[in-house]
Structures are given as structure tokens and as C-alpha cells.
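Heads up, the thing below is written out as C-alpha cells.
The values are calculated or read from the model by the stated rules, or taken from the named source; none is laboratory data. Bear in mind the structure is a predicted one, so any value in this text is a computation, not a measurement. Backbone-built Cβ (ideal geometry, glycine too); neighbour counts: all protein chains shown.
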Amino acid sequence: MSAQKDRWVSSLVFLLFCASSIPKCGGASLQQEPSPQHYFSGLEAGKTSLAFFSPSVSRGAQPFLEQIESSAEALQDYGVSVVKVNCPKEDVSRYCGEENALRKAFLFRGNRLIREFPTDALFDVNSIVANVLFALLFNEVKYVETLADLENIENVLKGKSNMVFAYVPATGTAEHRAVMEAAFVYGTMHQFVLTTEAALLKATSHDDPDVSSAWLLFCHCQQATEAAQPCRRTALAQPLTLLSIHRHLKLMGAPLVTEVAEDPEKISTVHLQLGLPLVFILSQKETYEADRRTAEFLAWQLLGKAGVALLSRDLVDLNVLHRSNVALKTPDEGMPIQYLVLEDTDEVITLVENKNKVKQIQEDEQEEEEEEDEKENNNQDIQDDQVVEAVSRDKKRELPLEQILVLTEENFHSSLSEAARTVVLFYASWEAVSLAVLRSYSEVPAHLKGTPGVLLARVNCWDWPGLCSQENVTQFPTIKIYREGQQAVTYGGMWGAEELSSFILLSQVSCPLKLATMDEAEGYLRGEFPSELSPHQHTSLLGVFSSATSEAREAFEEAGNILSGHVRMGMYFEDDALALSQKYSVSPPALLLARSGGRSVEGISLSKHSVQDMVQRIRYELLDIFPEITVPNLPQYLQLGKPFLILFSAGDITQVESKEMLKLAKGTPQQAFVACWLNLKKTPVGYGILRTYFSTTPSLPVLLWVNLHAGGQVFKFPSEQSITEMNILSWLEKLQAGLEIPSSTLSEEDWKPPLPAYDFLQMMEPPVPELSPHPGDTPAQHPPKSPGGDTARGDTATREEPSQESTAEEVGGPGRGLRGTAPRLAARDKQGKRHSEL
Amino acid sequence: LGLALYASSLCAASAATFLYHDYCVIGAGPAGLQAAYFLQQAGRDYVVFERSHAPGSFFALYPRHRKLISINKQYTGKSNSEFNLRHDWNSLLSHDRRLLFRHYSRDFFPDADTMVRYLEDFAALLKLRVQYNTAIIHVTLEKNEQAWNGHYFLLTDQDRKSYKCSSLLVAAGTWVPNVVNFPGSEYVEGYETVSINPEDFAGQTVLILGRGNSAFETAENILGVTNFIHMVSRSRVRLSWATHYVGDLRAINNGLLDTYQLKSLDGLLEGDLEDLAIVKDKKGKLHITLRFYLENRNISAGIDSITLPQDELDNFATRAPYDRVIRCLGWKFDFSIYNRSLRMMPGKGNIKKYPQIKPSYESRGTRGLFVLGTASHSVDFRKSAGGFIHGFRYTTRAVHRLLENRHHGVPWPSTVYPITQLTNSIIKRVNEASGLYQMFSVLADIILLKENATAFEYLEEYPIGILAELEMQTGRKARNGLFVIIMEYGRNFSGADKDVFYYNRAVGEAQHAWQSNFLHPVIYYYKHLPTEREMRLRPPDWPLPRPNAIHHIVEDFLTDWTAPNAHILPLRRFLENCLSTDLRNFFAESCFLFAFTHQKLPPSCQQGYIRMQGLLGSQELRRHAVQAGLLQDYTHTDFLGDRPPDSHDGSQEQLMRDHGIPVRSLQHLVNAKDE
């Protein structure tokens, strides 16, 4: 959540507090008057007061009294004082004498009686405030009962001023109060019209309205010139509250289209301040008139949802694509402006509405959070670690672990000698990642079915810490494969059942496998030898060495040890090695590579003979030229540290696309980028990526250039162009030349703590400053600061409290209902201004 | 090493007069043998001197009634050997699993003879170099610039044989009985020699001086046959279950409290023994009076002329004459063998029975002289377990590690982990570590952060009293902040006069963890290593100076701190906020998304997925994560806002709802920044 947004929310919340002044103890309360004489003599000419008379001995008006007492403060904000007049026993005057009068409250302006209310109409604070204001604003708020009345008023207003029409299901409700309070502020600016007639509601709204909920229309009558046409109307989409009405009226009051002639980054309009996006129509001198009309049309469509600005490109030097015609600025601080090429105003509208929906969800979430905030601390105690939560939700399921032997300190060594190879998972039964891996591990026996000589086992390090440290296991989970007479191999691949099974399978033949005859070598390259691996598809790698190249051979063998389980490696160094390699037009030492798919054999000469080089070379050679990127294989390609040219496809890519891309990948010198594709059906998380880049899913397939390692810009290949080598190359050229504008940029955000921690230090004894030797640098100086803490919520809340309180008090001035304002909500700089505007 | 070689060659030259060893250990009791074990393991040149013919000579005699009050728990329901040491108070530390006390005795409170046998086995099985029948009767210093500490220790035994050492480890225990001198103290029998046959007390009235475990043990033995027993001591009785100090009166010995409170004639009194006097009457009965009365009278006169308190105060409590008075006042350290130049000074106040030492267990007077075992209890007297086998076995190891670093350049053992293992490494230790548990508030695990907090170094069981000297004492660097992990009882919970059974004494909620009363892990975070001055000026009752942040893991009834939400989650949040990073685990799929949408990755993706150790997760787990709203399911690809809202039929609405939740939660997940 951006700071600006935050400010906005809190300032509105603050407003709400100011205006409706939820009463708190202290501050203004009920005035007590000893007698009617005293009261009437004290009435000033312009002052309004709500009085009720009660015999000195109270008789059961208690609930009413409580309500009226608590509304005293709210009413004071509107200059109405609430007075309780004590009737002496013997008094038989107009107000005290009649039994009836005691069940009523009386509204006076000066000493003139304006209205008397039966106490049953004043059932709570809302109804008291609503009814009193309704009485006071008799001229400002017209009450209508028929459509004809409404139309009359509308016609009168045309060309003069705007109208606010509200339907409330009943008077005295919270919505009624909200309308009245808004009318108190805006009544002189707009004509307010109120009704409780459901028929009127039906007549003014389009579809079938819900008569039990309130409804508010802003009618743009001021601009209406044609007498026959009704005024344009903009409905308030949110539930009726003072806050939403205020916001709505502000938006209606803003200019329809703002013309701007400066950097859009610097522009701020009322829309942005109110948390709505701002749409820029990028205009040029030649098309100004048309653009202006488009902008106005769009503005009417988006009224209340977003602002529209007309930006003249001739006046502002924009570093954006010439094609771009629309820009979208969101209220979130730090979000870059999006420049778009759109064809239809509908696209703009969809875009804005999507944005708002996401926003709404976030707001709801935030509100929830805030609510919880008040109840409890916040969400700190809710698990937000996906792995931990998933594991704990799964803990009651019994895992199929029958085929996995439990090893202990006692039987560990004896068990290892029972099978040719023992796979041991070292884990801790309390640790979530371990348990997640244990779940995948439990699926391994099914994958390995029919593989002889493999024993699957596990050791719980929480039970046997000595055994685990003896086996050099310092972190969980760890998987080791023990082979008789050999050093244990630690598994270093993905924690998945398939990956692990494949590792176990591959590591059952020695790596590299020494091939004795030419036939074996050929069979190996065809994937037919050794037979235990033949059912599994793997790229085969064969090292061919002449007897003279022992250095290279040793390095290759060592590399085989390192890559054991990950790569299928064979080795041939018989006398006819030369013949074998020459068949593939290389000379030893060389690698022969038979990829799993095509089985065409590539020959690669080996020049460097260090183990490290060899491992790196083999790893590199095993990478595909135009791979399909999946969750498990991405890290291999990320390690290359190159930008990605990635084609997102809804399913398999077409032959043509594949051919063109392959041509491109092969043709590029030094492979300056990783050309790859992503199958959204197989890797649906790709949708998440597209959504992050474009907010909506663009039409598929879509080709993107992603600078993963430098700058993080994302460029989209123009969808109107077809994916051919030529088109892509020329696009890439433009891109290199800086002629293209990125459609998105990867977030640079640091991974901060998701939520604050409990601040126990603060809860414990208060700090003793004398004890701290470095006054500048001790926690004692910043008691509420939570560890590491620029992010802690408690931080801002506590530290800023005093200053906020004082600001609020200063700005508000006396008698404006600041008492009882939760200081936390009386946020930062803007709210003072807002408040005085109100 | 060169120095050591030089030193030993030097000694070889003077071998005629001195037998040289790098390390000399005085005493082959539990602490001496424990020290010998570690020296032996490290391959050091050492010797242990034992005045008796066998190890553990103290246990050969004491406790007189032969029942050890250190527990020997056979079963804990767990096989974790480290955890089980928390409930095994008699074993010494070794790699040999045969040397666990439970293999020696099945008794919960074993017999002292078993301890003697155990110690004999310990020395023999591990082939420790102990020189028996060698009583060191004098220790002095020889200045020498070349020596490790600027001097050698010269030891002389009862046969005037001399030994020379570079470092001296005193594990002699406290064995000199405390005696009080007052008129008539000659009639008092000592605990060392008093009969342990209850028959000898039949029909007698007994007064016991002292209120410790030996006094109550003595009383317990004769409770059934005496007329009555009175116990007198200066201070009130302290019950170990109220003070959480194992040296206070243990419930196993407190039978007399029962009979006292049930008015069964036995009783407990408070008074200063120094003011006491005992007079013997003609019948041999012993009368209690006050020194004050004796001073004012003519010595030559007979017993009849002595004023007894009851003459003036006829209901004086101890007016009944006693048949026997037994002194059970404990022991003190034998200061007599140390030359004045060693400045072995007794402590002040209630620790005067122990020599003065620093929190590093090094003598305050002499560099290179370390005090181990019971005699080192001044560091944590009446606080922790440093005076008992189950405590000093760990402090002895700590001293050994300090020595290894100081003299042999072997830094304190440590393990380096990636930062993703931070929460785990703490949880593992607080759940199983026995040294932290037994030596609560004395030994601490230290986590030293590496630069940029991408990795950390874990040091176990370092004495917190010398935290400020950590870099010098361990050879490890603490440049980037550190965590200190200790166990603590609630600050105001324990105490002699506290009600430790009050209602609602246990805290269950993680957010109130700082109010936990029972032993629980506490983690201190410092951005910089505290200085000596900060250590000195720490708030009263605080074992450490005020940290930059602190975390308490809420006490647990089972001492099992592995609950994901109550224990691990708040700890993770604390660590995250100290390091200002996100320590959550992510499935590979999330990391994949982050890799394409963020320029930086959270540590768990960075150190796992990117290094091809991603957590792919099983189907069920991913489904659970989706249901929890912590992982988004993109398989149904149509999403929010792509369709006009009215075109949804019911099932799609459902789908949207299912979908809607993940969106917002994922936002929550991705927008790691706090608003």
C-alpha cells in the first residue's frame, strides 16, 4: 500500500470521525439547566438548541436520555446545543406542565420553536442528528414524494446548479444522517433532494433497485441546456456514508477533463488524491479536437471511477513510443506510469475497471486488517508461510511410508549393508520443509517400481541427533545415497518425487559408465544400453578418449562423480576410439551428445581439461537451444545470466513458431539471450507472470524480451507482427537501440518482513536511559522501534501519536469535534485541510 | 605450538626437578575427569592429581546417607540423546554411550556408591591420565616470560615431588567442612562423622544446625526414632521447587517440614549460630543458651550459675535439653594449599566458601588458573546449576573451548549455515540442547551474522558473562550483529517466599510470551557486540544488557517448542524484523513466479530454488497451500474482470470466489512491504 493511498484513507477516516464525532467521554456533553425560566432567558438569537424537559424526578426516560446525551457532541459540531431542563415540581407552564411535553424534545432557534420531536422518533444518535439537521436544513434539502415534483425541481435547476438526489429507505437511519450531514456542508453549492418513496427510486435507476438500500444520484443540471433532456446523472456506486458522499461530490466537482502540459509523473489531481487512477489521452496538435472529444466521452464513462486528462505531446517531451496514445497513472506511489497503445475507448474502460477491482479487493483486505487491528494486534499470529501452512493442513493424513525403512542409531549401519544402494532422507519431524520433502519422498517407491537393489530409508534427526551429526547432516532435509564401499553422495537436485526418482535411477549405473566395445558405445548413444536405463528418456553423453589423453579422461571421470545422478555419462577409450569419434567428425578427446528427443548425435571437441571446466561444459552442452521453460528447469537457464526471449503459448507451440525461434536461437552469435517458450497449460503459473506484466492476459501467443538480470525491463513483441526470425531480429535491433518502450519493469522491491514481530522489549520494563552508554545509538532512545525496523507498524503508530494529536487540535480549532478522535487515524499532513473544507 | 614445544623442551632440561605438563588438573572428581576427557580428546598434554586411590573420593564418603539427590531418569519417551541429558543429572559428557548413568543404576535417586563406580569406569574406559595417591599440598608460581601466562604453576605433593604446569585447572571441589565456633561447640558432632544408624538415636532429642540438604537428609534418616528434632539456622528454609535452584532443599529430603507443620513435635527455628552457646549439664544433656549470658559470668562457676534463656523467658523455644547436637553446615573450598602469590581469595558474602573467579572461570588473582566443578559455583550460586554435575559438565567444556582458543589457536567450534536455516537452527537447539537447559541464564548459544545477513555462524554454550570478550575468547568475528539464545525463568516467579502455584501461572499465548514464568527460551538481538561497560551496567535482574530487540518463546508445558504457529511463527517474525528480510519458505512454483516478476528473490528462493534445490511439493501440499490462500492456482486461467460480471453462472461464481481469495492473499504474499 502506498503512502499516498494510506494518507488518503486515513484522512477520510479522520473526516468521518470529525464530522460524525463518535462521542467519547469528556468534551461537550449535555447542558443542565436548573429551570425553564433560566433556560428561556438564556437563549441567544441566532443559536439553535435542542431542549427536553424533565421533571426533577426522572421517570423512565432513561434510554432516550442516554441517546440524547451521546448525540450532544455530534450536534455541537453543527452548532446545536442540547439542553436538559429540569422542571420544578410546582411548574405547570407550557413545557413542564403538560404530561405530553415531557415525551418530546423541542428544537429552538433563538427562542423560536422550530420543531418538536416525539421521543420515539429520536431512537438513536443517527436519528437524532438526522432529524435535527433535517429540520434545520428545511430549505436546503427538498423532500419530494412524486416523480413530478422531482422533475419540476430538475427543470428549475437546469443551467443553474447541480442536484443531489438521494433515496433513503426511511428517515432517521444512518444513511439519512449521512445525507443530511453532507447537505449541511454542500447544501449551498448543490440542491439536495430527498425521498423515501420506493417508486421514485425505481423511476430514477436503471435496473431493478433494492428498495432497502439507500441510493444517491448526482444530476449534472448546471451544464444541461436542453429543457427537454433530463440532466446527466452519475450514481454513487458505494454504500451511502458521509465519506462516500463527500468523495463522490468532490469527484463530481472536479473538471471533467484536465488539460495538462507537464510531465505526467508530476501531475496530481483530485482523482489521484482520492485513490482513483488518472487516464491520460496523449494528444497531438493535429488531432487535438478529436482527442478532446474522445477524452470527454471517456470522462463521462469513467466519471466517479477515474479521472481523464488530456496531455499534449507537443508541449511535453515524452520518452515513450510514438504509437502510445493512452497513459495510465495509478495512485500507488512508486508505480510507474503505464503507456499503452489502445484502439478503443472500451479498452480503457476495461483497464480502469480491472484496476479498480483489484484495488477494491485490496481495500477490503485492508479494512479487514484494520478491524482486526483494533480487535487483536493484527495478523501476526496468522501463518503466512505457504509451506508451513500446507504441511500443517496435511498433518492428519497418514503418509504411505510402508516402503520406507525407519533407521535409528542402532540399525543404521547394519541396514546400509543390506542393499546395494540405500537412499536415506535425513529430516526433522517438526520442520515443515523436511515434512514437505518427506511427502514427495513417499511417492518415490511408486516411481521406482521394479528397480532392484535400492533401499529407501529415513532418519528423523529429532530422534537421533548424534547419528545425523555423525553423518555430517547439519541442515534438513538432506538426502544421501550410500553405496557399499563408496562415499555417500548427497542429493543436490529439486525436492520432487520425479526428480529424485530419476536421480536414484541414473545413479545406479556408474558415472561415467565405461563402455567396452564399439557396439556398446553405439547402443549407448541410441539409448539402448545399459538396459536398466533404456526405458527412461535421457540425453546421453559419451566421452571419447584416445589412450594418449589420460589427463582429459581423468577430468571426465571426476566430472562424472560430481554429476552422478544428474547426467547420463558414458566413456569410451578403447583403441578404436578415434574411429568412433571420427564418425561424428571430431577427434578425441571429444564428447558425443545424443539428445533424448531426436537421437541425432553431435560431436564436441574438448579443449580444456580441468574438472571444473569439464563439469561446466557438460552442464552447458546439456541445455537445450530452444527449451520449454518449466518450474524445475528454470534455474539451469537462469544461471546463464542472460536475458530471456520467451514465447508464452496457451498450449504447445506451432511448428512454424518453433522453427522460426529455433532458427533465431541458432543464428544468434554467442547466444546473447536465452530463447525459450512456456506452455501455459503445463506451467499455469505463467499466467501469473503475464498478469503481473500486463494486468490482463494479452492475446496468446505472446513473445517477450525479459531483462531478468539487468534493469528488469519487459518488452512485448508487437502482436500485429507475425513471429518470424526476420521480424524478431529487427524488433530486437530496435530494442537494443533503445527505440522500444518497456511495457513493464520487474519490481525492485526488497523482501522485507511481511509483518512486524511482537515488541517484547517495549512490553517489558521501560528503558532506563542512564544505563545506556551511547545515548545516540541505543534502543532506549527509540523504545517503540521494532527490530531492524523501518517497516514495523507499531513504530509509526506509537511514535507519531503525540505530533498527530497536536496537529489535529491546532487545525480543528475549538468546538469542531476533535475530541475523541483516535489519534492514530488523525493521520499526516492533509487531513487538516480536508477538515476545514468540510 | 612453537611456544609449547619450547616450553616442553625447557622442562625436559629441568626434568630432574620438575615433571612438566601443559595442563595440571587438581582432583579426579566429576569435574576433574570431565576436564581430563576434553583435554584427552583434544590430544593435550595433561595430568590429573588425585589424593585418593580412586576417583570421586568425595562420593565415597558423602552424602553420608548414600542417596544422591540428582535425578537419573530412565525414560523420557524420546530417543534424542541430547534431550535426554536434560533429565540425566549424573552422567558426564563423553562420546561413549556406555558411559550413561542409566546403565549404572535404575534408581531415580541413585546410590552414591554407584557414582563412585561410574567415575572409576569413566576414568578407566576413556583411559584418562589420572595420578592417584597424589595430594597436592602446595601450589606456587614461577615467573617466566616464555610461559603461556607469564608464569608456571609449581605443584608439590605430599612426597615433596614437584610438578610444573602451564595451566592449572582446579577441580578440587569444596570439601572442608564449615564449622562454627561458639562456647560449647565441642559438644557438637559433625555431619562427616555422625552415626548414620538410626538405632543410635532412639529416644533421643536432637538439635541439627543447618538447613541445607545435608541437614534435612540427616533429619530424614532419624525422624522416626527420635523424640523430636529441632533444626536451627540463620536464614529461612528455601525450597528448591520454589526457587528453581537445585541446591536448595529438595522435596525428597523435606519430611521434617511435614512433621513440623503438622505439629508432630519436630521444628524449625531461625537464629544466628554465632550467638549460640551450648552448656552441658551433669546428666550430659545439652542446653541452648546465648553467648551473651556466658560472657557476663564467672567462668569457674558450675553449670547451675549459667543463665539460660528460659530463666528470663519461660516459654523460650529451645528450652528443652538435647541429647545431641549435629552440625550440617556444608563445605568450603580448601584455600590452604595456594601460595599467597596466587591470590586465591574467598568470595564475599554468601559465596565466601568459593574462590573468587571471573565469569570465564579464570581466577581473579592468577592468569591461567581456572576453577572447575563445584568450586566454580560462585558464578551462578543460587541461580543455576554450575555447582552440580549436570551443570558443570557444560561449563567445563566451555572452559576447555576457551583454553583451546587461547593456547592452541583452535577457535570455538561453530557451524556456518545459510540464513534460511536461522529459524530451524534455533528451534533445534532450544528443543534438545541440554547445556542451555541446565545452565540456564549462564551458558548461551550465540549466532554471529555474516555480512548482509546471508549466512550465520552458530556457537554453542558460550558463557554469557564474557559476552563482551567474545571475539577475543572464541576467535570468531561478530561484526554484523548477533543473537544470544538463553533459557530463563520468569523474572519475578521464583523465590523463597513466592507462591509458585498461583492460579494462571502459565502463559499460553505467544503474544504474552515475555511474561512466561517457567523455563523458556529467550533470544536477544544485538546490532553490535555489547561492551564490558554495557555488561556491567545492565539492568538489575537482566542476565544481559538491554538488547536492540528481544524475543521470548512462550513457555511450554511439554518443553516442546515446535508448534508451527505458537512457537516457530513468532520466532520467524522476530528474526525477520531483526534482519529486515523475509524468511518464509516458498514452493518452487512461487519462486518461479518471483524469478520472472521481481529483480530480487526472497532468501528461501535464492538459496534453494535458484541453486536447483527448489521445493516442488506434492499435489496435496500445493492444494492445501491454495486452499489456505497462500498459493494461487492458475490452472483455471480465466480471471477476474475478463468477463462481464453478469455472464457468470453459479459454478463460475464459485470458481471466482475460490479464485478471488487467492488473488488477495497472494497480493498479501507478494506485497511483502508493510503498508
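Checked against (1) surrounded by fewer than 17 Cβ atoms within 10 Å (Cβ to Cβ); (2) within 14 Å of chain B (Cβ to nearest Cβ); (3) not aromatic (Phe, Trp, Tyr), residue A:431 passes all but condition (1).
Could you please find all residues in the range B:450-465 being among the β-branched types (Val, Ile, Thr) and closer than 17 Å to residue B:377 by Cβ?
Correct list: B:464 only.
Listed here are the residues, each with its yes/no results for (1) surrounded by fewer than 18 Cβ atoms within 10 Å (Cβ to Cβ); (2) out of contact with any strand residue (DSSP E or B) (no Cβ under 8 Å at 6 or more places or on another chain); (3) not in a loop (DSSP other than H, G, I, E, B).
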site	(1), (2), (3)
B:307	yes, no, no
B:311	yes, yes, yes
B:314	yes, yes, no
B:325	no, no, yes
B:329	no, no, no
B:335	yes, no, no
B:344	no, no, no
B:353	no, no, no
B:366	no, no, no
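Against the numbered list (1) assigned to a loop (DSSP other than H, G, I, E, B); (2) within 11 Å of chain B (Cβ to nearest Cβ), residue A:510 comes up short only at (2). Suppose we keep only residues that are β-branched (Val, Ile, Thr) and in a loop (DSSP other than H, G, I, E, B) within the range B:557-594. Which one would you say is nearest to the other protein chains (Cβ to nearest Cβ)? Only one residue tops the list, namely B:562.
Tell me which residues, restricted to the range A:131-145, are of a type in the set (S, T, N, Q) and in contact with a strand residue (DSSP E or B) (Cβ under 9 Å, 6 or more places away or on another chain). A:131, the sole residue that qualifies.
In this structure, residue B:544 does not satisfy being within 7 Å of chain A (Cβ to nearest Cβ), of a type outside the set (D, E, K, R) and in contact with a helix residue (DSSP H, G or I) (Cβ under 9 Å, 6 or more places away or on another chain). Evaluated against (1) under 22 Å from residue B:494 (Cα atoms); (2) without any contact (Cβ under 8 Å) to a residue 24 or more places away in the chain; (3) loosely packed, with under 14 Cβ neighbours inside 10 Å, residue B:263 falls short on exactly one condition, (1). Listed by position, the helices (runs of 4 or more DSSP H) inside the range A:575-662 whose residues that are outside the structural domain of residue A:700 (by the TED database) and either under 20 Å from residue A:674 (Cβ atoms) or of a type outside the set (D, E, K, R) (or both) number at least 1 are A:577-583, A:611-622. For the residues B:537, B:593, B:558, B:519, the requirement of being buried (at least 22 other Cβ atoms within 10 Å of the Cβ) and not charged (D, E, K, R) singles out B:593. Looking at A:729, A:735, A:703, A:708 in this structure, which one is under 17 Å from residue A:339 (Cα atoms) and either in contact (Cβ under 8 Å) with a residue 40 or more places away in the chain or more than 12 Å from chain B (Cβ to nearest Cβ) (or both)? Of A:729, A:735, A:703, A:708, the one residue that is under 17 Å from residue A:339 (Cα atoms) and either in contact (Cβ under 8 Å) with a residue 40 or more places away in the chain or more than 12 Å from chain B (Cβ to nearest Cβ) (or both) is A:735.
Every residue, every condition in (1) outside the structural domain of residue B:350 (by the TED database); (2) of a type in the set (Lys, Arg); (3) buried (at least 23 other Cβ atoms within 10 Å of the Cβ); (4) farther than 25 Å from residue B:330 by Cα, yes or no:
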{"residue": "B:143", "(1), (2), (3), (4)": "no, yes, no, yes"}
{"residue": "B:154", "(1), (2), (3), (4)": "no, no, no, yes"}
{"residue": "B:167", "(1), (2), (3), (4)": "no, no, yes, yes"}
{"residue": "B:170", "(1), (2), (3), (4)": "no, no, yes, no"}
{"residue": "B:194", "(1), (2), (3), (4)": "yes, no, no, no"}
{"residue": "B:199", "(1), (2), (3), (4)": "yes, no, no, no"}
{"residue": "B:204", "(1), (2), (3), (4)": "yes, no, no, no"}
{"residue": "B:216", "(1), (2), (3), (4)": "yes, no, yes, no"}
{"residue": "B:220", "(1), (2), (3), (4)": "yes, no, no, no"}
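Across the range A:482-496, the qualifying residues are those that are closer than 24 Å to residue B:425 by Cα and part of a strand (DSSP E or B), and the one among them that is modelled with the lowest pLDDT is A:489.
Taken as a whole, the range B:545-556 holds no residue that is in a loop (DSSP other than H, G, I, E, B) and not assigned by the TED database to the domain that holds residue B:446. Under 30 Å from residue B:84 (Cα atoms), at the interface with another protein chain (Cβ under 7 Å from one of its Cβ atoms) and modelled with pLDDT of 90 or more: does that describe residue B:624? The answer is no for residue B:624. The condition of being surrounded by fewer than 17 Cβ atoms within 10 Å (Cβ to Cβ), under 19 Å from residue A:412 (Cα atoms), among the small types (Gly, Ala, Ser) and at the interface with chain B (Cβ under 9 Å from one of its Cβ atoms) does not hold for residue A:453. Scanning the range A:685-702 for residues that are over 20 Å from residue A:351 (Cα atoms) and either at pLDDT 90 or above or not assigned by the TED database to the domain that holds residue A:650 (or both) gives A:685, A:686. Of the residues making up the range A:259-269, at least one is part of a strand (DSSP E or B), in contact (Cβ under 8 Å) with a residue 24 or more places away in the chain, within 22 Å of residue A:338 (Cα to Cα) and of a type in the set (D, E, K, R).
Kindly indicate the residue of the range A:683-742 that is in a loop (DSSP other than H, G, I, E, B) and aliphatic (A, V, I, L, M) and also surrounded by the fewest Cβ atoms within 10 Å (Cβ to Cβ) among those meeting that condition.
Taking the candidates together, the pick is A:737.
Taking the stated definitions as given, is residue B:207 assigned to a strand (DSSP E or B), farther than 30 Å from residue B:35 by Cβ and not small (Gly, Ala, Ser)? Yes: the conditions hold for residue B:207.
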